[in-house]
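K.L.:
Can you keep this structure in mind? I'll have questions shortly.
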Amino acid sequence: MEYEVESRARDAIEQLKYRYWRACDAKDPEGFRSCFVTSGGVLDFGPLGRTDPDTMVGIFRQIALATASDGGPRILDMHHGFMPSISVEDPADGGLPRRATGTWTLQFRQVDREKGTETVSTGEYTDRYETQDGHWVMAECLFTPGWSVTRTLDDATVTHPEVATVPDAATAGADS
């Protein structure tokens, strides 16, 4: 496979994963769902369980869109993914690549405004990617939790946006 073709595939896959994390942080269920195959996908997020993308969107809505007693968002998330290792499969027919695998390291921070806690954690993603309608999507997204620290926010002031969701935040600038 030509270097330029493989490089474009890797770049598109990286942008896909970044859109996925932005959708999580922006509380954007539709943006989250658009990062996965339309049917047959597998997601395993450790404590949240192993399921398909549509079921995970329901879980995502329950957690990410939960409202705190003051009417603002209960959960505030920050996903930082880095150190990708992406392998693009060379298609046997000599055409454009259609499959790839990847691993990523995640640094995650979550504030639970009702419990008054902040959790900082790490983990590793192992993904399988496919092209669908000319765009890269995740067919499999498996997360293995690493270490975590949870502490109280005793004297902390937590601020958040006025809007509970940021529509289309995950797809802004999408070009893969």
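The values are calculated or read from the model by the stated rules, or taken from the named source; none is laboratory data. Because the structure is predicted, anything quoted here is derived from the model rather than measured. Please note: Cβ atoms are built from the backbone with ideal geometry, for glycine as well, and neighbour counts cover all protein chains shown. Please note that ligands, DNA and RNA were not included when accessible areas were found on the heavy atoms of the full protein model with its side chains. Shrake-Rupley method; radii C 1.70, N 1.55, O 1.52, S 1.80 Å.
K.L.:
Using the crude model of +1 on Lys and Arg Cβ and -1 on Asp and Glu Cβ, and no other charge, please compute the dipole size for region 1-69 relative to its Cα centre, in debye to 20.
P.N.:
Rounded to the nearest 20 debye, it is 300 debye.
K.L.:
Å³ per residue of the Cα convex hull, for region 1-100?
P.N.:
Spelled out: Cα convex hull of region 1-100, divided by residues, is 116 Å³.
K.L.:
Given 0.36 nm per residue, what is the gain on full extension from Glu30 to Leu48 after removing their alpha carbon distance, in nm?
P.N.:
4.6 nm
K.L.:
Let me ask you something else. What number comes out for accessible area per residue over region 1-95 if the probe is 1.4 Å? Units Å², please.
P.N.:
Normalised by residue count, the accessible surface of region 1-95 is 51 Å².
K.L.:
With everything on Cα atoms, drop me the angle between helix 3-26 and the longest principal axis of the chain, reported from 0 to 90° to the nearest 10.
P.N.:
20
K.L.:
Here's something else I'd like to know. What FRET efficiency comes out for the pair Lys115/Asp11, r = Cβ-Cβ distance, R0 = 30 Å, nearest 0.05?
P.N.:
Approximately 0.15, to the nearest 0.05.
K.L.:
Run the numbers for Arg151 and His80: contour at 0.36 nm per residue of separation, minus the present Cα-Cα distance, in nm.
P.N.:
Fully extending the segment from Arg151 to His80 adds 23.6 nm.
K.L.:
Along region 41-51, what does the Karplus equation 6.51 cos²θ - 1.76 cosθ + 1.60 (θ = phi - 60°) give for ³J(HN,Hα), rounded to whole Hz, x for Gly and Pro?
P.N.:
x, 10, 10, 9, 10, x, x, 7, x, 10, 7
K.L.:
Follow-up. Of all GluC sites (Glu not before Pro) in region 127-164, which ones are in loop regions per DSSP and have a Cβ with at most 11 other Cβ atoms within 10 Å?
P.N.:
Sparse-neighbourhood loop GluC sites (Glu not before Pro): Glu162.
K.L.:
Also, I was wondering about something else. Within region 83-117, list the trypsin sites (Lys or Arg not before Pro) lying in a DSSP loop whose Cβ has at most 15 other Cβ atoms in a 10 Å radius.
P.N.:
Taking region 83-117 and a limit of 15 other Cβ atoms within 10 Å, the loop trypsin sites (Lys or Arg not before Pro) found are Arg98, Lys115.
K.L.:
Next up: Taking all protein chains in place and a 1.4 Å probe, what share, in percent, of the accessible surface of the chain do carbon and sulfur account for?
P.N.:
The C+S portion of the solvent-accessible surface of the chain is 50 percent.
K.L.:
Which whole-angstrom value gives the distance between the alpha carbon centres of region 47-75 and region 97-158?
P.N.:
Taking the Cα centre of each part, region 47-75 and region 97-158 sit 14 Å apart.
K.L.:
Sticking with this one: Hey, what's the per residue convex hull volume over the C-alpha atoms of the chain, in cubic angstrom?
P.N.:
Per-residue hull volume (Cα only) is 117 Å³.
K.L.:
Take the Cβ-Cβ distance between Arg98 and Tyr18 as r, set R0 to 22 Å, and report the resulting FRET efficiency rounded to the nearest 0.05.
P.N.:
Once rounded, the FRET efficiency stands at 0.55.
K.L.:
To continue, here is another question. Starting from the Cα-Cα distance between Thr159 and Glu89, subtract it from 0.36 nm times their residue separation and give me the gain in nm to one decimal.
P.N.:
Full extension of this stretch gives 20.8 nm more.
K.L.:
Let me ask you something else. Sorting check: for 142-151, 31-40, which peptide has the highest mean count of neighbouring beta carbons within 10 Å, and how do the rest follow?
P.N.:
31-40, 142-151
K.L.:
To check my understanding: the extent here is largest minus smallest coordinate of the Cα atoms along each principal axis. What are those three numbers for region 63-135, in Å, largest first?
P.N.:
Sorted from largest, the Cα extents of region 63-135 read 57, 25, 11 Å.
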